[in-house]
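What follows is one structure encoded as structure tokens, with my remarks underneath.
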Amino acid sequence: MAIQADKYFQLLEELKPYEAGLVAVSKTKPCSDIQAFYDLGQRDFGENYVQEFLEKVPQLPNDIRWHFIGHLQRNKVKQILPHVYLIHGVDSERLLNEIQKEAAKANLKIKVLLQVFIAQEETKFGFDQAELSAVISDLNQWPNVDIRGVMGMSSLTDNLAQVRAEFQQLKQASQQLLAVKSDANIISMGMSGDYSIALEEGSTMIRIGSVLFGARDYSNK
Ligand SMILES: *Cc1c(COP(=O)(O)O)cnc(C)c1O
């Protein structure tokens, strides 16, 4: 499957007025596709699965900024820390505690985003409002974790007004966080199906898979 180079340049144009970043989501896709986007100038790539991520890293240029965007289990934290640029899906205090513990041992400071639950779907992960407020009230608990912003996923729905409202909710969470940490200015929201709305609602980083790499095939996953 060839990469969608034309779509890539079109996306970069669309992003310009917003000054937003692009994470190319390469889960299930071969290293050759990632290399092809790298050769076009792309440096930020997103992966969801620890095993797949760890297999790809040594096969690709070492100036790639790897974003871990999937649901991260605590027992896998240690393995990804040396390779990851930004962890998007930090969705519990227990996970924050684990990242703190392993980052301290390895003498690292790890950049993360707090995943906020904005969808009306129970299958999605993230902090609810009360949990988020609790985390924000005392960020000093995690000196080796550098909280740089928020991440969220909208509901899978055709109701665009609902998607927009969910992104607005994430923007509000971002402002709550920014009030206590002024460099926590990343808002990671928007995927292939909803990135235009996300940009209008203040996204600073979109995560795009299928528009760039084509549809995913999970049959051998
Ligand atoms: C897979 C995935 C994406 C990209 O999805 P597309 O719809 O293919 O653009 C973005 N964010 C997360 C968290 C994902 O798991």
Cβ-Cβ under 9 Å pairs, at least 6 apart or on other chains, region 126-147 side open to solvent by less than 10 Å² (accessible area, probe 1.4 Å), far side part of a loop (DSSP other than H, G, I, E, B) and aromatic (F, W, Y): F127/F117; L132/F117; V135/W142
Name the residue, out of L72, L86, that is open to solvent by less than 10 Å² (accessible area, probe 1.4 Å) and free of Cβ contacts under 8 Å to residues at least 24 places away in the same chain. L72
List pairs: first in region 148-160 and under 18 Å from I187 (Cβ atoms) and within 15 Å of the ligand (Cβ to nearest atom), second among the charged types (D, E, K, R) and open to solvent by 10 Å² or more (accessible area, probe 1.4 Å), Cβ under 6 Å, 6+ apart or cross-chain? M153/K124; S154/D194; S155/E121
Having 3 or more residues that are hydrophobic (A, V, I, L, M, F, W, C) is the bar; report the strands (runs of 3 or more DSSP E) wholly within region 106-218 that clear it. 110-115, 145-151, 205-208
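Residue-by-condition table, conditions (1) within 24 Å of R43 (Cβ to Cβ); (2) within 15 Å of the ligand (Cβ to nearest atom); (3) modelled with pLDDT of 95 or more:
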{"position": "L86", "(1), (2), (3)": "yes, yes, yes"}
{"position": "V90", "(1), (2), (3)": "yes, yes, yes"}
{"position": "E98", "(1), (2), (3)": "no, no, yes"}
{"position": "N107", "(1), (2), (3)": "no, no, yes"}
{"position": "L114", "(1), (2), (3)": "yes, yes, yes"}
{"position": "E121", "(1), (2), (3)": "no, yes, no"}
{"position": "S133", "(1), (2), (3)": "no, no, yes"}
{"position": "L139", "(1), (2), (3)": "no, no, yes"}
{"position": "V145", "(1), (2), (3)": "yes, no, yes"}
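The values are calculated or read from the model by the stated rules, or taken from the named source; none is laboratory data. The model shown is predicted, which means the values in this text are computed figures rather than measured ones. With ideal geometry, Cβ positions are generated from the backbone for all residues, glycine too; neighbour counts draw on all protein chains shown. Ligands, DNA and RNA are stripped out before the accessible areas are found, and what is left, the full protein with its side chains, is counted by its heavy atoms. Shrake-Rupley method; radii C 1.70, N 1.55, O 1.52, S 1.80 Å.
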